[in-house]
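Inspection log for the structure reproduced underneath, given as structure tokens.
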Amino acid sequence: FDYLLETPGGAQIVQYTYLKKNGEKIFLETQGKNLIHDPAIRGLIFNTRDITERIRAEREERMKSRMQSLSENSPDMIIRTSTNGKIVYVNPAASKFLQKEAIELMNMKTSELDSSMGIVEFIITSLKQLKKTHVKAESEIEIELEGESRIVEARAIAEFGESGEELESILFQAHDVTQMKKQ
């Protein structure tokens, strides 16, 4: 406000949080302009708009970026499929678990994977189950990994849309627990 009073023709933008009467916190952006020198206006003009959705979208995008960075560096297999079984995301570790390059796995259907592999059988079975029940599936599976027998804990988790009711995708995760089991 002080800056605008001291600066003819000056403009200033401020973003801030606002607590509504009902306790809801929203984000506002106010743009002020000094038009004291304009004979038609002779004052300061303030325009305020609600930017809550934009702020939430920006935060969500930052969170997605962080999560992707974590999954890209994880030794665990992480796969996301659509509800019809199309693979929409794989992390680099998925290649060793499924014995295919990550680029080859993208956009494949789970039904096109080698179903003789225990992990693939888990994925296909869990996908069918989660579409019906939406209940997380977990299993301990013995698989052949890099020429040796390994034990993995596999999980399938239903992911829902914004409404929280519509099944949007399925997240599959597998973690090698062989060393822990040996101990």
ask   = Rolling a 1.4 angstrom probe over the protein heavy atoms, how many square angstrom per residue are accessible across the chain?
value = 66 Å²
ask   = Each label point is 7 Å from the Cα along the Cα-to-Cβ direction; what then is the distance between the points at residue 101 and residue 1, in nm?
value = 6.4 nm
query = In the range 35-177, what percent of the accessible surface is made up of carbon and sulfur (1.4 Å probe, ligands and nucleic acids excluded)?
reply = 49 percent
key: Over the range 132-171, volume per residue of the alpha carbon convex hull, in Å³   = 76 Å³
task = Please find the FRET efficiency linking residue 68 to residue 19, where r is the Cβ-Cβ separation and R0 is fixed at 25 Å, and quote it to the nearest 0.05.
result = 0.15
query = Quick one: length gained pulling residue 29 to residue 139 fully straight, 0.36 nm per residue minus the C-alpha distance?
reply = 34.7 nm
message = Over 11 Å apart: what share of the alpha carbon pairs of the range 1-41 falls there, rounded to a whole percent?
response = 68 percent
request  = Could you work out how far helix 118-133 tilts from the main Cα principal axis of the chain, as a 0 to 90 degree angle to the nearest 10?
outcome  = 50 degrees
message = Would the range 72-166 count as rounded, prolate or oblate if I go by the C-alpha gyration tensor, calling it rounded below 1.5 in a/c and otherwise prolate when a/b exceeds b/c, oblate otherwise?
response = prolate
query = Just the Cα atoms of the chain: what Rg and Dmax do they give in Å?
reply = 26.1, 84
inquiry  = If you take every residue apart from residue 174 with its C-beta less than 9 Å away from the C-beta of residue 174, what net charge results, scoring Lys and Arg +1 and Asp and Glu -1?
reply    = -2
message = 7 Å from Cα along Cα→Cβ at both residue 83 and residue 58: what's the point-to-point distance in nm?
response = 3.3 nm
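The values are calculated or read from the model by the stated rules, or taken from the named source; none is laboratory data. From a predicted model like this one, the values you see are computed outputs, not experimental measurements. In this analysis, Cβ positions are derived from the backbone assuming ideal geometry, glycine residues included, and neighbour counts consider all displayed protein chains. Quick note on the areas: whole protein, heavy atoms, side chains included, nothing else; ligands and nucleic acids left out. Shrake-Rupley method; radii C 1.70, N 1.55, O 1.52, S 1.80 Å.
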